[in-house]
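Since the structure comes first, as C-alpha cells, the remarks are kept for the end.
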Amino acid sequence: MKKKRKNKMLINKKIFIILVSIILLMLLVIFGVYLGNSQVRLWMNKYILGKDIGEENLPSIEIEESDNISIYAYSNYVITAGNGKLTIYNSNANATNTIDAVMNSPIFYSNDKYLLVGDKGSKDLYLLYNDTLAWHKEMEGDISQITVNKNGAVGVVLTGTTYKSIIVMYNINGNEDFKTYLSTTLATDVAISDDNKYLSFVEINTSGAVIESNVKTISIEKAKTEPRNSIIYTYTTNSDTLALKIKYKNDKVMAYCDNSIHIFSKGNDEEVLNIDKNITFADINLDGNFCIVKEAETSTLLNSEYELKITNIESKKDHTYIVKSAIKNLYCKNNIIAINLGNEVEFINTSGWLVKKFTSIQNIRDIKLGDNVAAIIYKNKIEVISF
C-alpha cells in the first residue's frame with residue numbers, strides 16, 4: 001500500500017513538472033513572438049495588455065482657453081495656475097486643494113513628491129509637498145530659475161538687484177542655507193544633488209565678443225561657513241559650446257549643451273554625445289539617462305522610421321525603441337518618455353518598453369509629464385493618464 005502511494009506521488013510530481021515545463025515553454029514562445037513580431041506586439045498591447053487607450057476612457061479637467069491657464073504634472077498630480085490660484089488635481093481629475101497665488105508668469109520644477117512654483121520676473125515662490133503647501137516666500141529679487149531636489153532642498157536664481165545674479169538655497173523648512181553673488185555673470189540654470197552636498201549652476205558671460213559658459217559646483221557645507229571658498233569645481237566649455245541645462249544623478253552633473261552632452265564628476269569632463277545634424281531630439285531630463293531621436297537606418301522614402309535611443313550615464317548601456325512615424329515633439333521626465341505623433345502619444349520607459357499608447361480624435365496642444373501621470377492638454381480640457 002505504501003509503495004503504491006509512493007508511486008502515485010512520484011507520478012503526480014512528474015505530471016506537475018511536465019505541466020510547469022509546458023507552461024514555461026509556452027510563455028517563452030509567446031514572449032519571443034511578442035518581441036520578434038511587431039504586428040503580434042501591437043495586437044497584444046491593445047487587446048491583452050491594455051496598453052492602448054483613447055480619450056473617451058480618461059478622467060478630464062475642464063478649462064477655459066480665455067483664462068490663460070498654466071498647466072504642469074508632477075508625482076501623482078496635475079496642477080493649474082491661473083485666476084489667482086493654484087489648483088491641484090489627483091489622477092482621477094478631482095480637485096484636492098486650492099492655494100491662493102496671484103502669478104503673472106508661473107514656472108514649475110518638481111522632484112519626486114515636491115513641486116516648486118515661482119513667478120518668473122517677480123517675487124513669489126511656493127513649495128508644495130504632494131498637494132499641500134509647505135511654505136511660501138517673497139524673494140528679495142526677481143525669480144529667474146528654480147530647482148528642488150527629492151529631499152525638498154530649494155535653489156533659486158534671482159536677478160534685478162545690484163548683482164547680475166544671486167543664487168539662494170533654502171532647506172526643507174524654508175530657512176536660508178546660503179547665498180552666492182555673481183557680479184559679472186548670469187546664472188541660467190541650477191541643480192542640487194540628492195544628498196544635499198552640492199549645488200551646481202550654469203554661468204554665462206556675455207561681456208566679450210563671444211558668449212562663454214561654465215558649470216560650477218558649490219560645496220553646500222563650505223558655502224555655509226566659508227562662502228568665498230565654496231566653489232570646488234569649475235567646468236569650462238569650449239568657445240563654440242554653450243551649456244544650457246544641468247541635472248544631477250548621484251554626484252554626477254549631466255549637462256545639456258547646444259552641440260553635445262557632458263558628464264561632469266569630481267573635476268572630470270566626459271563628453272558622452274556629440275549632437276550632430278542627424279539627431280532631431282535630445283534630452284537629459286531623465287533619471288540617470290539621456291535620450292536622442294534620429295532617423296532609423298531602416299527608414300525609406302515611403303516608410304519613415306525613427307530610432308529613440310536611451311543611454312544610461314553610469315553603465316553606458318543603450319535601449320532602443322523604433323517609432324513608425326514622424327515625431328512632433330518629445331517630453332521626458334525621470335523614467336518616462338512621451339512621443340507626440342500629433343493625434344497619438346507613445347509613452348516609453350527608460351528600458352525601451354512601451355508603457356501606454358494614447359490615441360486622440362482631437363489635435364493635442366501640449367503634454368506635461370509627472371512621475372506617475374501625464375496631462376494631455378487641449379484647448380478646453382486636460383485629460384489625465386496614469387502609469
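So which residues in the range 372-387 are over 15 Å from the mean Cα position of the chain (by Cα) and in a loop (DSSP other than H, G, I, E, B)? Before you say what the answer is, go through the steps one by one.
Restricting attention to the range 372-387, the residues satisfying the condition of being over 15 Å from the mean Cα position of the chain (by Cα) are 376-386.
Residues satisfying the conditions are 378, 379, 380.
Take the conditions closer than 21 Å to residue 189 by Cα, assigned to a loop (DSSP other than H, G, I, E, B) and among the small types (Gly, Ala, Ser) and apply them to residue 122. Does it pass?
Details: closer than 21 Å to residue 189 by Cα: yes; assigned to a loop (DSSP other than H, G, I, E, B): yes; among the small types (Gly, Ala, Ser): yes.
When the stated conditions are applied, residue 122 passes them.
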Pairs under 9 Å by beta carbon, first residue at positive phi in the range 255-277, partner among the basic types (Lys, Arg) and surrounded by 12 or more Cβ atoms within 10 Å (Cβ to Cβ), six or more apart or different chains?
266/252
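Listed residues 265, 219; which is at pLDDT 95 or above, in contact with a helix residue (DSSP H, G or I) (Cβ under 9 Å, 6 or more places away or on another chain) and over 26 Å from residue 340 (Cα atoms)?
Numbers: 265 fails: in contact with a helix residue (DSSP H, G or I) (Cβ under 9 Å, 6 or more places away or on another chain).
Of 265, 219, the one residue that is at pLDDT 95 or above, in contact with a helix residue (DSSP H, G or I) (Cβ under 9 Å, 6 or more places away or on another chain) and over 26 Å from residue 340 (Cα atoms) is 219.
Listed residues 314, 305, 295; which is charged (D, E, K, R), touching a Phe, Trp or Tyr at 6+ places or on another chain (Cβ under 7 Å), in the same structural domain as residue 351 (by TED's automatic domain parsing) and surrounded by fewer than 19 Cβ atoms within 10 Å (Cβ to Cβ)? Outline the logic, then answer.
Details: 314 fails: touching a Phe, Trp or Tyr at 6+ places or on another chain (Cβ under 7 Å); 305 fails: touching a Phe, Trp or Tyr at 6+ places or on another chain (Cβ under 7 Å).
295 is the lone residue from the list that is charged (D, E, K, R), touching a Phe, Trp or Tyr at 6+ places or on another chain (Cβ under 7 Å), in the same structural domain as residue 351 (by TED's automatic domain parsing) and surrounded by fewer than 19 Cβ atoms within 10 Å (Cβ to Cβ).
Checking the structure you have, find out if any residue of the range 249-262 is more than 26 Å from residue 206 (Cβ to Cβ) and either in contact with a helix residue (DSSP H, G or I) (Cβ under 6 Å, 6 or more places away or on another chain) or part of a strand (DSSP E or B) (or both).
Looking only at the range 249-262, we keep the residues that are more than 26 Å from residue 206 (Cβ to Cβ), and these are 249-252.
Now drop any that are not either in contact with a helix residue (DSSP H, G or I) (Cβ under 6 Å, 6 or more places away or on another chain) or part of a strand (DSSP E or B) (or both), which leaves 249, 252.
So far as the range 249-262 goes, yes, one or more of its residues are more than 26 Å from residue 206 (Cβ to Cβ) and either in contact with a helix residue (DSSP H, G or I) (Cβ under 6 Å, 6 or more places away or on another chain) or part of a strand (DSSP E or B) (or both).
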Criterion: crowded, with 17+ Cβ neighbours inside 10 Å and β-branched (Val, Ile, Thr) - qualifying residue of 279, 284:
284
Kindly indicate the residue of the range 209-263 that is crowded, with 17+ Cβ neighbours inside 10 Å and small (Gly, Ala, Ser) and also nearest to residue 288 (Cα to Cα) among those meeting that condition.
255
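Within the range 240-285, work out how many residues are within 20 Å of the chain's Cα centre (by Cα) and among the basic types (Lys, Arg). Write out each step before concluding.
Going through the range 240-285, the residues within 20 Å of the chain's Cα centre (by Cα) turn out to be 243-258, 260-264, 272-273, 275, 279-285.
Next cut, among the basic types (Lys, Arg) only: 245, 247, 249, 252.
Total meeting the criteria: 4.
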Inter-residue pairs, beta-carbon under 8 Å, first touching a residue at least 40 places away in the same chain (Cβ under 8 Å) and in the range 97-113, second surrounded by 16 or more Cβ atoms within 10 Å (Cβ to Cβ) and part of a strand (DSSP E or B), 6+ apart
110/72; 110/74; 110/116; 110/148
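Where in the range 144-239 are there strands (runs of 3 or more DSSP E), lying wholly inside it, with at least 2 residues that are under 22 Å from the mean Cα position of the chain (by Cα) and of a type in the set (A, V, I, L, M, F, W, C)? Give the derivation first.
Details: elements: 154-159, 165-170, 176-182, 186-192, 198-205, 212-219, 231-236.
Here the list reads 154-159, 186-192, 198-205.
Answer with yes or no whether residue 245 is closer than 23 Å to residue 147 by Cα, outside any loop (DSSP other than H, G, I, E, B) and at pLDDT below 95.
Working: closer than 23 Å to residue 147 by Cα: yes; outside any loop (DSSP other than H, G, I, E, B): yes; at pLDDT below 95: no.
So residue 245 fails the test.
The values are calculated or read from the model by the stated rules, or taken from the named source; none is laboratory data. Everything numeric in this text was worked out from a predicted model, so none of it was measured. For neighbour counting, all protein chains shown are included, and Cβ atoms are generated from backbone atoms with ideal geometry for every residue, glycine included.
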